[in-house]
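All remarks here apply to the structure that follows.
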Amino acid sequence: MKNSLEKFLEILSSGRDLTESEAAQFFTALQTETENENLMADALLAFEAKGATEDELFALAKLMRSRAVKVNSKHETFVDIVGTGGSRAKIFNVSTAAAFVIAGAEVPVAKHGNRAATSQSGSADVLSALGVNPSVEAATAERCLNQIGICFMFAPKFHALSPVLGKVRRSLGVPTIFNNLGPLCNPANAPHQIIGVWDERLLVKTANALARLGTKKSWVVHGSDGLDEITLSGKTSVAEIADGKVGTFEISPDDFGLPTSPLTDLQKFSPVESAQLIAEILSGQSNNKTAENLVLINAAAAIYLTDFADDLPKAFALANESLTSGAAHEKLRTLIIETNK
């Protein structure tokens with residue numbers, strides 16, 4: 001008899017979409033039928049080749065959310081900023097750096113992330129290199145969020161996914177459905193998010209899934225250069241979720257009061273190299289203005305989404321003040337202390 005994964009491999013290879021109940025069964029099969037890593041890999045690749053639908057994303061994310069360890073925030077307004085990974089533009093960990101700038105502007109940040117699966121450096125990798133302990137328990141993450149206004153929630157501590165599944169994802173080295181699911185499953189249920197996607201075809205379906213899951217005001221973004229962040233090198237496509245509705249538009253560096261800049265010398269950073277650049281930016285010692293501005297525009301967008309600023313230029317000014325005043329660096333210093341107690 002065929003096991004469930006074999007059946008789902010046939011379904012997905014045929015191009016048929018999964019129903020909500022089948023999506024739940026597929027998720028369970030990936031968790032429990034771990035004896036054949038090649039079969040698991042083939043099923044993930046078949047799902048990617050078919051392309052996840054909005055309904056599949058919603059069903060799987062709803063299931064993951066229901067099973068996640070929760071973090072309770074005392075803050076009514078707070079944000080998560082995260083890229084899905086898988087971008088063809090491999091650069092340093094922009095959203096991780098931006099999180100400290102946002103928090104330094106007094107906008108609380110509940111950042112959710114993982115180690116790298118499809119890139120050189122995931123958020124947990126670079127935080128480790130910066131001296132933060134990313135793998136804290138939920139109680140510590142909750143204390144950090146509520147007391148210092150920033151926390152990191154390491155996905156394996158909050159989502160009981162099979163270690164074998166993680167191993168298979170890393171071995172594939174290409175994006176899978178789980179790259180897209182992770183950002184949709186913030187354990188603190190952040191009411192505001194910026195989610196960067198590696199493929200523009202994921203923009204609207206991810207936004208629609210997030211709208212159905214529930215969010216106050218969030219953006220899903222994709223840079224014209226392939227970046228799963230807001231880019232400096234050209235236009236960024238945005239799907240905005242507000243009042244349960246999704247609208248699309250484009251933004252450019254000019255909207256933040258900046259010129260367009262090519263992202264040269266920002267590619268293929270190891271965790272240590274990424275951490276060094278981030279530390280230099282946060283401490284005001286970086287000579288790389290492009291890298292600094294890239295962090296600032298992503299931080300500014302999050303500040304704007306939470307209504308701490310009326311428009312993007314004002315949000316950029318608040319982000320810049322967070323950086324130049326040392327407030328962003330102080331958030332990093334405090335998180336290092338609090339996660340290593």
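For T140, indicate whether it is hydroxyl-bearing (S, T, Y), surrounded by 22 or more Cβ atoms within 10 Å (Cβ to Cβ) and in contact with an Asp or Glu (Cβ under 9 Å, 6 or more places away or on another chain).
Details: hydroxyl-bearing (S, T, Y): yes; surrounded by 22 or more Cβ atoms within 10 Å (Cβ to Cβ): no; in contact with an Asp or Glu (Cβ under 9 Å, 6 or more places away or on another chain): yes.
In short, no.
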- Among (1) outside any helix (DSSP H, G or I); (2) more than 30 Å from A300 (Cβ to Cβ); (3) small (G, A, S), A41 falls short only on (1)
- Message: Tally up the residues in segment 27-45 that are touching an Asp or Glu at 6+ places or on another chain (Cβ under 9 Å) and under 19 Å from P175 (Cβ atoms), please.
- Response: 2
- Item | Unique match (being of a type in the set (F, W, Y), in contact with a Phe, Trp or Tyr (Cβ under 8 Å, 6 or more places away or on another chain) and either assigned by TED's automatic domain parsing to the domain that holds G131 or farther than 20 Å from L145 by Cβ (or both)) among F308, F316 | F316
- State whether one or more residues within segment 228-238 are touching a Lys or Arg at 6+ places or on another chain (Cβ under 9 Å) and either assigned to a loop (DSSP other than H, G, I, E, B) or more than 19 Å from A99 (Cα to Cα) (or both). no
- Message: If I filter segment 216-226 for residues that are under 19 Å from the mean Cα position of the chain (by Cα) and over 16 Å from G83 (Cα atoms), do I get at least one hit?
- Response: yes
- Message: Going residue by residue through segment 74-84, is there one that turns out to be among the hydrophobic types (A, V, I, L, M, F, W, C), part of a loop (DSSP other than H, G, I, E, B), over 18 Å from L161 (Cα atoms) and in contact with a Pro (Cβ under 9 Å, 6 or more places away or on another chain)?
- Response: yes
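Residues checked against (1) at pLDDT 95 or above; (2) more than 18 Å from the chain's Cα centre (by Cα):
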residue	(1), (2)
F27	no, yes
A41	no, yes
G51	no, yes
K70	yes, no
K74	yes, yes
A89	no, no
N93	no, no
A103	yes, no
- Among A309, A319, A275, A300, which is surrounded by 15 or more Cβ atoms within 10 Å (Cβ to Cβ) and over 20 Å from G83 (Cβ atoms)? A309
- Note on the structure: In the set A124, A117, the lone residue that is over 19 Å from K341 (Cβ atoms), in the same structural domain as F100 (by TED's automatic domain parsing) and modelled with pLDDT under 95 is A117
- Message: If C151 meets every condition in (1) surrounded by fewer than 22 Cβ atoms within 10 Å (Cβ to Cβ); (2) under 17 Å from the mean Cα position of the chain (by Cα) apart from one, which number is that one?
- Response: (1)
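Here is a yes/no grid of residues against (1) among the hydrophobic types (A, V, I, L, M, F, W, C); (2) closer than 26 Å to L203 by Cα:
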{"position": "N72", "(1), (2)": "no, no"}
{"position": "D80", "(1), (2)": "no, yes"}
{"position": "F92", "(1), (2)": "yes, yes"}
{"position": "N114", "(1), (2)": "no, yes"}
- Item | Hits in segment 255-272 (condition: surrounded by fewer than 11 Cβ atoms within 10 Å (Cβ to Cβ) and either over 15 Å from D225 (Cβ atoms) or touching a Leu at 6+ places or on another chain (Cβ under 7 Å) (or both)) | P259
- Task: Search segment 299-310 for residues that are free of Cβ contacts under 8 Å to residues at least 24 places away in the same chain and pair each with any residue that is not basic (K, R) when their beta-carbon atoms are under 6 Å apart and the residues are at least 6 apart or on different chains.
- Result: Y304/L312; Y304/A315; A309/I303; A309/A315; A309/L318
- Message: Please go through (1) in contact (Cβ under 8 Å) with a residue 40 or more places away in the chain; (2) within 24 Å of Q267 (Cβ to Cβ); (3) not small (G, A, S) for L335 and return the number of the only condition it doesn't satisfy.
- Response: (2)
- Residue by residue through segment 252-281, note down the ones that are part of a helix (DSSP H, G or I) and farther than 25 Å from D311 by Cβ. P271, V272, E273, S274, A275, Q276, L277, I278, A279, E280
- Any idea how many residues of segment 105-119 are assigned to a loop (DSSP other than H, G, I, E, B) and under 15 Å from the mean Cα position of the chain (by Cα)? 6
- Query: Does segment 5-19 hold any residues that are surrounded by 14 or more Cβ atoms within 10 Å (Cβ to Cβ) and either in contact (Cβ under 8 Å) with a residue 60 or more places away in the chain or in a helix (DSSP H, G or I) (or both), and which are they?
  - Reply: L5, E6, K7, F8, L9, I11, L12, S13
- Task: Would you check if there is a residue in segment 236-254 being out of contact with any Gly (no Cβ under 6 Å at 6 or more places or on another chain), more than 22 Å from T206 (Cβ to Cβ) and in the same structural domain as R212 (by TED's automatic domain parsing)?
- Result: yes
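The values are calculated or read from the model by the stated rules, or taken from the named source; none is laboratory data. Quick caveat, the model's predicted, so the values are computed rather than measured. Glycine also receives a Cβ, built like all others from the backbone with ideal geometry; neighbour counts cover every protein chain displayed.
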